[in-house]
1. For the stretch B:137-152, how many residues are farther than 14 Å from B:Met36 by Cα and either free of Cβ contacts under 8 Å to residues at least 60 places away in the same chain or aliphatic (A, V, I, L, M) (or both)?
2. Is it the case that the stretch B:155-176 has a residue that's hydroxyl-bearing (Ser, Thr, Tyr), buried (at least 20 other Cβ atoms within 10 Å of the Cβ) and either in a helix (DSSP H, G or I) or modelled with pLDDT of 95 or more (or both)?
3. Could you figure out which of (1) over 14 Å from B:Phe42 (Cα atoms); (2) crowded, with 20+ Cβ neighbours inside 10 Å; (3) at pLDDT below 95 isn't true of B:Arg140?
4. How many residues, within the stretch B:65-84, are within 12 Å of B:Val37 (Cα to Cα), without any contact (Cβ under 8 Å) to a residue 60 or more places away in the chain and not hydroxyl-bearing (Ser, Thr, Tyr)?
5. Look through the stretch A:4-23, keep the residues that are within 7 Å of chain B (Cβ to nearest Cβ) and among the small types (Gly, Ala, Ser), and return whichever of them is surrounded by the fewest Cβ atoms within 10 Å (Cβ to Cβ).
Amino acid sequence: MDIERDLNDALRRREAPAGFASRVMARIESGEADAPAAHPERKPWRAIAAAILLTAVLGGWAAHQESERRAGERARDEVLLALRITSEKLHEAREQVNEIGTNH
Amino acid sequence: MTAVFTEAAIPEGLLARAREGDHSAFAGIVEEQEAMVFSIAFHFFNDRSRAEEIAQDAFLQLYRSLGTIESESHLVHWLRQVTTRRCIDSMRRTRLRAVSIDEVAELAGPQRVADPLLERKLRELVAGLPETQRLVVTLRYQEDLDPAEICRIVGLPVNTVKSHLHRALRALRRKLGDQ
């Protein structure tokens, strides 16, 4: 038995089913084969929409960061001012205590 | 009746006309190559309806890719490659449906040799081989390609292709001997 010759026989090409080419052409003429390329304009719009959304998100995030930074600076300034006032008051109180001590 | 197929039986100019949008030229290409494409899928799955589905999809992909096809021989190589990939993809997406011996009998076309039972049994055994061995055996014995040509289609080193062929033949011999 020559298996290679038998495989050549068993696996020889078969005719495609009747009407095969017509069915392929019908699918092509229905526009099915064009589907991926039929709406190329959609891709740029999608990219533009995605870019706008990304810009808005990043812009919002940056504005939020800036607002947080400013609030932090304001809080720091207020604390420094409070410390300065406290320090001045303490200084004045010490001056008065010293003055009372000198008068007596 | 057994059709005799040549390597690239595409009439001159058909590809160029198809590229320019001539649908009748593309239909001519389909008619020239349908047996090759359909048979690769059929011998892979042993299932006519699945083979037709894969073959139709391969031609639709060809239609979309006409601009990248450089020549008639490139077209034949491209079709073999796309069909084998589609077979593997389809195989991986769904479980391989078991095919009964009655269904295989219905598939048998015109017989060239005196032992149709052996042919049927061989097709069943080939359809039961691991997927890479099945493709390699189909390309070797249906398309009469040598291992160097097969390795360009399936993307494996030539020695791996030879090894798959060797193992497939050994398995087929063993299984036939067990019958």
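The values are calculated or read from the model by the stated rules, or taken from the named source; none is laboratory data. Everything quoted here is computed from the prediction, not taken from an experiment. Cβ coordinates were reconstructed from backbone atoms using ideal geometry, including for glycine residues, and neighbour counts include every protein chain displayed.
1. The qualifying residues number 7.
2. no
3. Result: B:Arg140 passes all but (3).
4. So the answer is 3.
5. Ranking the candidates gives A:Ala21 first.
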